[in-house]
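J.: Structure in structure tokens, see below.
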Amino acid sequence: MRQSHRDAQIHFQPRIRKGAFFEAAWRHGCRTFSVYNRTYITSYFDDPVAEYWQVINHVALWPVMGERQVEISGPDAARFVQYLTPRDLSKFAVGQCKYALITAPDGGILGDPIILRRGADRFWVSTADCDLELWARGVQTGTDFDVTIADANVSVMQVQGPKSPLLLAAAFDGGIADLKYFWTMTTEFQGAEIVISRTGYSGEFGYEVYLADASKGDALFEHLLAAGKPFNVAPGCVSHARRIESAILSWGVDMTADENPFEVGLGRLVDLSGAAPYIGQRALRRIAATPPRRRLVGLTVDGPAIAPNEDVWPVMAGSREVGRLTSLAYSPRLERNIALAMVPVECAAPGQRLSVDTWDGERGAMVAETPFLAKRQQAAPASA
């Protein structure tokens, strides 16, 4: 029997940043926080199931203040950013976003940021919960890359759900309706620059709002709530059930430095033939020449709803431990437990029966196709 720690508390301290939306989140009822990139991040405001339905049916504000932006600027910025990632960035326009991997010399995954091109020689690398700024500084050391690397001190608000276009159209003047998937626009709020990208972590239609002037965070939070009132807006937190349904991976759990892109289904983000050098290029070419021995797969787990895992859980084939469950949630729409797991390729076929060592003992499981439910990010639903 595994021990749950759901009643644990977190104590605030000065070495952890609060972010621009922290006080507003507290004022609107959030009392459950985690730490992400040395920044407090909201875990949930109320009921995670209610927050799940909120982002599916209406629009939610997610203050993801731990989503830090590493700014890379200078004459060699484009060349340096390309050196960090195996994705081909040769056709990367100003104002565009790219989902990319950061790889180690051995091909392991050090992060999976969205990169925003803010200018010809200026990039924001939107980092997962990893030391990306320190990695970039280390890479630069002893090289001839003429770049400046810094935390941009930006706080991010995700505005997610089918009514998100209506909310942002009401909140800001113009441009939202024309903003394409994985592109950005700039606007302003009380004299502060706002960057908006058509991206998100929900699998739903949505945006991310980037604020550099932290003094405007409280006012911006209230402004977005007021603009969204006709559309049934509510504050909330990242819905892990929804992101697992969409097979959106979480770095540090579903993939780490111990996995390579081909094992987690992200080989499309690796340019094996390009001339531009990048870290891990030789290793990834070697890895790609041999079929992977393990794969990240979907699982459905038998029985009643299971509380989310705090640790990776063993995946069994009979009495033999063969892999690990990385992320689990109960899907209210599918009415079943769904998960992501790393297993050997011989156990990765859809329909394969396995078992998982859960909170309350062993549960049967079955390998499933992913995504469990389709993403709805590409086009706004007709009702919006």
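J.: Separation between the A8 and A317 pseudo-spin-labels, each 7 Å from Cα along Cα→Cβ, expressed in nm?
T.: Distance between label points: 3.3 nm.
J.: At a Förster distance of 30 Å, what's the computed FRET efficiency of R293 paired with K229, Cβ-Cβ distance as r, to 0.05?
T.: Taking R0 as 30 Å, the efficiency between R293 and K229 is 0.05.
J.: Related question: Please list, in order along the range 81-87, the HN-Hα scalar couplings obtained from phi with the Karplus expression 6.51 cos²θ - 1.76 cosθ + 1.60 (θ = phi - 60°), rounded to whole Hz, x for Gly and Pro.
T.: Per residue, the Karplus-derived 3J(HN,Hα) values read 4, 4, 5, 7, 10, x, 6 Hz.
J.: Over the range 298-372, what is the relative contact order in percent, taking alpha-carbon pairs closer than 8 angstrom and at least six residues apart?
T.: 38 percent.
J.: Can you list the HN-Hα couplings for the range 120-135, worked out from phi with the Karplus curve (6.51, -1.76, 1.60; θ = phi - 60°), rounded to whole Hz and with x for Gly and Pro?
T.: Each residue of the range 120-135 in turn: 4, 10, 8, 9, 10, 10, 7, 8, 6, 7, 8, 8, 5, 4, 5, 4 Hz.
J.: Then there is this: Amide H of S327: which non-local residues (sequence gap of 5 or more, or other chain) have their own amide H closer than 5 Å, using H built in the peptide plane?
T.: Placed amide hydrogens put L340 under 5 Å from S327.
J.: For the chain, what is the relative contact order in percent, using Cα pairs closer than 8 Å and at least 6 residues apart in sequence?
T.: This gives 18 percent for the chain.
J.: Let me ask you something else. Out of residues 5 or more away from T39 or on other chains, whose amide H comes under 5 Å of its own, with H placed 1.01 Å from N in the peptide plane?
T.: Those qualifying (amide H under 5 Å, at least 5 residues apart or on another chain) are R17.
J.: Using the C-alpha atoms of the range 50-92, what convex hull volume per residue, in cubic angstrom, is computed?
T.: Taking only Cα atoms, the range 50-92 has a hull volume of 150 Å³ per residue.
J.: On to the next question. If you build a Gaussian network model of the chain, linking Cα atoms that sit under 10 Å apart, which residue out of R333, R198, R117 swings the most?
T.: Most flexible of the set in this elastic network: R333.
J.: Sticking with this structure for a sec: Quick check on the exposure proxy: order S319, S126, S246, S90 from fewest to most C-beta atoms within 10 angstrom.
T.: In order of increasing Cβ crowding within 10 Å: S319, S90, S246, S126.
J.: Multiply the residue gap between R285 and D144 by 0.36 nm, knock off their C-alpha separation, and tell me the result in nm, one decimal place.
T.: Extending this stretch completely gives an extra 48.2 nm.
J.: Could you line up H28, H11 from fewest to most neighbouring Cβ atoms inside 10 Å?
T.: Ranking H28, H11 by Cβ neighbours within 10 Å, fewest first, gives H11, H28.
J.: Using Cα pairs under 8 angstrom and six or more residues apart, how large is the relative contact order of the range 69-130, in percent?
T.: 38
J.: Long-range amide H contacts for V238: which residues qualify at under 5 Å (H placed 1.01 Å from N, peptide plane, sequence gap of 5 or more or a different chain)?
T.: none
J.: Follow-up. If r is the Cβ-Cβ distance from N57 to E369 and R0 is 22 Å, what FRET efficiency results, to the nearest 0.05?
T.: So, using R0 = 22 Å, E works out to roughly 0.30.
J.: Full-extension gain between D47 and Q190, please, as 0.36 nm times their residue separation minus the C-alpha to C-alpha distance.
T.: So the chain would gain 48.2 nm between D47 and Q190.
J.: From the square roots a ≥ b ≥ c of the eigenvalues of the alpha-carbon gyration tensor of the range 69-130, which class results: rounded (a/c under 1.5), prolate (a/b over b/c), or oblate?
T.: prolate
J.: Would you mind calculating the gained length between E346 and D258 on full extension (0.36 nm times residue separation, minus the Cα-Cα distance), in nm to one decimal?
T.: Residue separation times 0.36 nm, minus the Cα-Cα distance, leaves 29.7 nm.
J.: Now for a separate question. Residue by residue through the range 205-216, what is 3J(HN,Hα) from phi via Karplus (6.51 cos²θ - 1.76 cosθ + 1.60, θ = phi - 60°)? Round to whole Hz and write x for glycine and proline.
T.: 4, x, 9, 10, 10, 10, 10, 8, 8, 4, 5, 9
J.: Using Cβ counts within 10 Å as a stand-in for footprinting exposure, how do R27, R376, R87 rank, fewest first?
T.: R27, R376, R87
J.: What's the center-to-center distance, using Cα atoms, between the range 99-148 and the range 319-336 in Å?
T.: The two parts, judged by their Cα centres, are 32 Å apart.
Bear in mind these aren't lab numbers, they're just calculated from the coordinates by the rules spelled out. If you're wondering where the values come from, they're calculated on a predicted model, not measured in any experiment. Counting neighbours? That spans all protein chains shown, and the Cβs are built from the backbone with ideal geometry, glycine included.
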